[in-house]
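A.B. asks: Got a structure for you, questions after.
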Amino acid sequence: MYSSNTLLVIENLSISFQSSFKRLEAVRNLDFEINASTITCLVGESGCGKSLTCKAILRLTPGNALLSGSIFFNNIDLLTLSGKDLCKIRGAEIGMIFQEPMTSLNPVLPIGKQCTEPLIAHLGLNQEVAKAKVIELFSRVGIPAPEKRYNDYPHQLSGGMRQRVMIAMALSCQPQLLLADEPTTALDATIQGQILRLIVDESRQNNSSVLLISHDLGIVADVADYVGVMYAGTLVEYATCQELFMHPLHPYSQGLINSAPSISSMNFERLPTINGTVPSIFGMPQGCPFHPRCPNTMEICQTKLPVKVNINCSHSVACWLYIDQMD
Ligand code: SF4
């Protein structure tokens with residue numbers, strides 16, 4: 001059905017929550033694929049469903065979330081897999097780096113011991129061999145004096161060091177896919193670049209694919225092969241990184257890119273902004289969710305959700321402006 005290079009396929013994924021009076025849709029009809037050895041970034045404003053989508057891949061969404069659609073990983077639908085079989089994939093074939101390492105690491109266990117767990121559980125290594133491997137991993141991700149640090153607790157490390165521990169843990173079993181949910185959000189600007197470079201270099205070295213969630217367009221332009229733009233729970237555009245930044249088609253993507261500052265620009269005028277605010281999940285507008293803010297709104301936009309239009313084999317957009325280009 002898919003090329004042999006396809007690692008992950010998300011088909012028609014919707015995530016909703018049942019409130020006491022109505023069903024609230026946080027992610028709607030999401031479709032995209034991730035190929036082997038590529039870096040795909042999901043961008044969009046806070047609350048657009050990026051992190052929820054990332055967590056849905058490992059079924060780590062809140063207990064009251066209702067998921068529909070399919071998430072195929074190596075042709076296995078993760079949404080229908082038994083809990084036991086999913087545990088064999090979590091941490092082994094799909095690793096995850098969470099947003100905030102302080103709340104993701106166990107505060108009462110030494111970092112070294114936490115990192116040996118996936119190696120013992122998934123690869124069957126004994127404690128001694130796993131310890132040697134973790135020390136080697138700590139050294140690779142730039143933790144100084146790794147033997148001494150092995151017995152440290154998370155509170156004894158800085159934010160950057162804790163995130164390096166998370167990266168070492170996520171990479172320990174050499175997963176085919178690494179999910180990185182805004183991995184630098186909680187860090188100082190000075191070490192954000194180092195951590196991202198580490199994630200990219202390690203994944204390239206292991207031939208892993210990465211799904212990186214970020215709202216920082218500078219980072220995305222620097223590392224991504226493919227970019228998906230999300231707005232109000234929908235994927236509004238998907239393209240190669242170069243195509244998206246050179247020829248953004250969706251008015252929201254255009255607005256995001258135009259509002260990003262550039263250090264090479266000699267234009268000292270105020271940066272353009274996108275009018276209005278992101279709609280609340282409790283009051284999603286009918287039709288295209290972007291229509292109250294869109295400078296190109298048409299009548300159809302106010303009543304009908306736009307369908308996805310494939311512009312070419314690696315560029316799609318969900319906007320009524322391009323409907324005549326539908327194949
Ligand atoms: Fe704007 Fe209409 Fe396109 Fe939505 S569908 S982005 S409102 S032009």
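The values are calculated or read from the model by the stated rules, or taken from the named source; none is laboratory data. On a predicted model such as this, the values are computed, not experimentally measured, just so you know. Note that we place each Cβ from the backbone using ideal geometry, even for glycine, and neighbour counts take in every protein chain shown. Accessible surface areas use protein heavy atoms only, side chains included; no ligands, DNA or RNA. Shrake-Rupley method; radii C 1.70, N 1.55, O 1.52, S 1.80 Å.
A.B. asks: For segment 49-81, give me each residue that is of a type outside the set (S, T, N, Q) and open to solvent by less than 30 Å² (accessible area, probe 1.4 Å).
C.D. replies: Taking segment 49-81 as the starting set, the residues that turn out to be of a type outside the set (S, T, N, Q) are 49-50, 52, 54-60, 62-63, 65-67, 69, 71-73, 76-79, 81.
Listed by number, the residues that qualify are Gly49, Lys50, Cys54, Ala56, Ile57, Leu58, Ala65, Ile71, Phe73, Asp77, Leu78.
A.B. asks: Please work out if Ile274 is over 21 Å from the mean Cα position of the chain (by Cα), within 13 Å of the ligand (Cβ to nearest atom) and part of a helix (DSSP H, G or I).
C.D. replies: So Ile274 fails the test.
A.B. asks: In segment 226-255, how many are more than 11 Å from the ligand (Cβ to nearest atom), buried (at least 24 other Cβ atoms within 10 Å of the Cβ) and more than 14 Å from the chain's Cα centre (by Cα)?
C.D. replies: Total meeting the criteria: 2.
A.B. asks: Hey, Cys313 hits all of (1) touching a residue at least 60 places away in the same chain (Cβ under 8 Å); (2) under 30 Å from Ser208 (Cα atoms) but one; which does it fall short on?
C.D. replies: (1)
A.B. asks: Further, regarding this structure: Can you report the number of residues in segment 37-88 which are outside any loop (DSSP other than H, G, I, E, B) and free of Cβ contacts under 8 Å to residues at least 24 places away in the same chain?
C.D. replies: Result for segment 37-88: 6.
A.B. asks: For segment 147-187, give me each residue that is more than 17 Å from the chain's Cα centre (by Cα) and part of a loop (DSSP other than H, G, I, E, B).
C.D. replies: Residues satisfying the conditions are Tyr150, Asn151, Asp152, Tyr153, Leu157, Ser158, Ser172, Cys173, Gln174, Leu187.
A.B. asks: Under 9 Å between Cβ atoms, at least 6 apart or on separate chains: pull out the pairs that start in segment 2-23 with a residue that is modelled with pLDDT of 90 or more and end on any residue that is loosely packed, with under 11 Cβ neighbours inside 10 Å and among the aliphatic types (A, V, I, L, M).
C.D. replies: Pairs that qualify, where the first residue is modelled with pLDDT of 90 or more and the partner is loosely packed, with under 11 Cβ neighbours inside 10 Å and among the aliphatic types (A, V, I, L, M), are Val9/Met1.
A.B. asks: Kindly provide the set of residues from segment 277-317 that are assigned to a helix (DSSP H, G or I) and more than 9 Å from the ligand (Cβ to nearest atom), ordered by number.
C.D. replies: Within segment 277-317, Ile281, Phe282, Gly283 meet the criteria.
A.B. asks: In segment 82-109, which residue that is among the β-branched types (Val, Ile, Thr) and closer than 15 Å to Leu8 by Cα is surrounded by the most Cβ atoms within 10 Å (Cβ to Cβ)?
C.D. replies: Checking each candidate, the answer is Ile94.
A.B. asks: Pairs needed: first member in segment 129-144, surrounded by 15 or more Cβ atoms within 10 Å (Cβ to Cβ); second member anywhere, not in a helix (DSSP H, G or I); C-beta distance under 8 Å; at least 6 residues apart or different chains.
C.D. replies: Every condition considered, the pairs that remain are Lys131/Tyr150; Lys133/Leu125; Lys133/Ser172; Val134/Tyr150; Val134/Ser172; Ile135/Tyr150; Leu137/Ser172; Phe138/Tyr150.
A.B. asks: Can you tell me which residue among Gln194, Gln205 is assigned to a helix (DSSP H, G or I), open to solvent by 10 Å² or more (accessible area, probe 1.4 Å) and under 20 Å from Leu123 (Cβ atoms)?
C.D. replies: Gln205
A.B. asks: Restricting to segment 170-190, what's the tally of residues that are aliphatic (A, V, I, L, M) and more than 17 Å from Leu211 (Cβ to Cβ)?
C.D. replies: 3
A.B. asks: Kindly provide the set of residues from segment 33-48 that are open to solvent by 10 Å² or more (accessible area, probe 1.4 Å) and touching a strand residue (DSSP E or B) at 6+ places or on another chain (Cβ under 9 Å), ordered by number.
C.D. replies: Result: Glu33, Asn35, Ala36, Ser37, Thr38, Glu45, Gly47.
A.B. asks: Still on this structure, I have one more. Which of (1) part of a helix (DSSP H, G or I); (2) within 14 Å of the ligand (Cβ to nearest atom); (3) open to solvent by 30 Å² or more (accessible area, probe 1.4 Å); (4) within 24 Å of Ser51 (Cα to Cα) is the odd one out, the single condition Ile323 does not satisfy?
C.D. replies: (4) is the only condition that Ile323 fails.
A.B. asks: Does segment 283-294 contain any residue that is of a type in the set (Lys, Arg) and surrounded by 17 or more Cβ atoms within 10 Å (Cβ to Cβ)? I'd like the intermediate steps shown before the answer.
C.D. replies: Applying the first criterion (of a type in the set (Lys, Arg)) to segment 283-294 yields 293.
Going one step further and asking which of them are surrounded by 17 or more Cβ atoms within 10 Å (Cβ to Cβ), we end up with 293.
Among the residues of segment 283-294, at least one is of a type in the set (Lys, Arg) and surrounded by 17 or more Cβ atoms within 10 Å (Cβ to Cβ), which makes the answer yes.
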